[in-house]
Amino acid sequence: MKPERLCRFSISMPAALANQLDALVCDKGYANRSQAVADLVRGRLVEHHQELGDREIAGTITLVYDHHKPHLQAALTDIQHDHHDVIISTMHVHLDHHNCLEVLVVRGRGEVIRKIADELLAAKGVKHGRLTITTTGKDMET
């Protein structure tokens, strides 16, 4: 595989923002500003692709809920079975006597993933949840 060509360009920003960028470079262990900026741009592109909805994304849907809540587990399971084609894996953890943590690994079109996450998070009895998205890696270079 041929190495990707680099594209050089300059960025102007307020000195205070550049100082914060330099602190980020140091804190995160980047070799230089360019690596940090490229990483920030990649992160924003992943978010942008998810917002568009038509690109394939990967991610996790994390739920915390009380498993004693009547009908909640059945409702969550029904939703998951309805979308078995994009739910790759699940993990269920008992946090304590009442609370469970469930993590679903998903892969599919952004709009579909968002719809599933919204449906699961809106289920009555879910205490907290979050959709975390990332790229499948196919459309991104390092």
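The values are calculated or read from the model by the stated rules, or taken from the named source; none is laboratory data. Fair warning: this is a prediction, and the values are worked out from it, not measured in the lab. Cβ placement follows ideal geometry from the backbone for every residue including glycine, while neighbour counts extend to all protein chains displayed.
Quick check: anything in the stretch 109-123 farther than 17 Å from A58 by Cα, in a strand (DSSP E or B) and not basic (K, R)? Checked the stretch 109-123: no residue is farther than 17 Å from A58 by Cα, in a strand (DSSP E or B) and not basic (K, R).
A Cβ distance below 6 Å, combined with a sequence gap of six or more or placement on separate chains, defines the contacts here; from the stretch 101-127, residues that are more than 25 Å from D54 (Cβ to Cβ) and in the same structural domain as I87 (by TED's automatic domain parsing) reach residues that are assigned to a loop (DSSP other than H, G, I, E, B) and of a type in the set (A, V, I, L, M, F, W, C) in the pairs L101/L95.
Of all the listed residues (V126, V86), the sole one being under 18 Å from the mean Cα position of the chain (by Cα) and more than 30 Å from Q35 (Cβ to Cβ) is V86.
Is it the case that L45 is surrounded by 11 or more Cβ atoms within 10 Å (Cβ to Cβ), outside the structural domain of D118 (by TED's automatic domain parsing), among the hydrophobic types (A, V, I, L, M, F, W, C) and under 15 Å from the mean Cα position of the chain (by Cα)?
On the way: surrounded by 11 or more Cβ atoms within 10 Å (Cβ to Cβ): yes; outside the structural domain of D118 (by TED's automatic domain parsing): yes; among the hydrophobic types (A, V, I, L, M, F, W, C): yes; under 15 Å from the mean Cα position of the chain (by Cα): yes.
Answer is yes for this residue.
Being in contact with a helix residue (DSSP H, G or I) (Cβ under 7 Å, 6 or more places away or on another chain) and among the small types (G, A, S) narrows it down to one of G43, G137, G108, G59, so name that one. Before you say what the answer is, go through the steps one by one.
Details: G43 fails: in contact with a helix residue (DSSP H, G or I) (Cβ under 7 Å, 6 or more places away or on another chain); G137 fails: in contact with a helix residue (DSSP H, G or I) (Cβ under 7 Å, 6 or more places away or on another chain); G108 fails: in contact with a helix residue (DSSP H, G or I) (Cβ under 7 Å, 6 or more places away or on another chain).
Exactly one of G43, G137, G108, G59 is in contact with a helix residue (DSSP H, G or I) (Cβ under 7 Å, 6 or more places away or on another chain) and among the small types (G, A, S), namely G59.
Considering the stretch 48-77 alone, what residues qualify as being exposed (fewer than 13 other Cβ atoms within 10 Å of the Cβ) and assigned to a helix (DSSP H, G or I)? Before you say what the answer is, go through the steps one by one.
Our first condition is that a residue be exposed (fewer than 13 other Cβ atoms within 10 Å of the Cβ); within the stretch 48-77, this holds for 48, 51-52, 54, 68, 70-71, 74, 77.
Across the stretch 48-77, the qualifying residues are H48, E51, L52, A74, T77.
Taking R107 as the residue in question, decide whether it is surrounded by 14 or more Cβ atoms within 10 Å (Cβ to Cβ), modelled with pLDDT of 95 or more and under 30 Å from Q35 (Cα atoms). When the stated conditions are applied, R107 passes them. All of (1) in the same structural domain as H128 (by TED's automatic domain parsing); (2) among the hydrophobic types (A, V, I, L, M, F, W, C); (3) part of a loop (DSSP other than H, G, I, E, B) hold for A31 with one exception: (1). Residues of the stretch 126-142 that are surrounded by 18 or more Cβ atoms within 10 Å (Cβ to Cβ) and either of a type in the set (F, W, Y) or not in a strand (DSSP E or B) (or both): T135 alone.
In the set A123, A31, A36, only one residue is out of contact with any Ser or Thr (no Cβ under 7 Å at 6 or more places or on another chain), buried (at least 17 other Cβ atoms within 10 Å of the Cβ) and under 30 Å from R8 (Cα atoms); that residue is A36.
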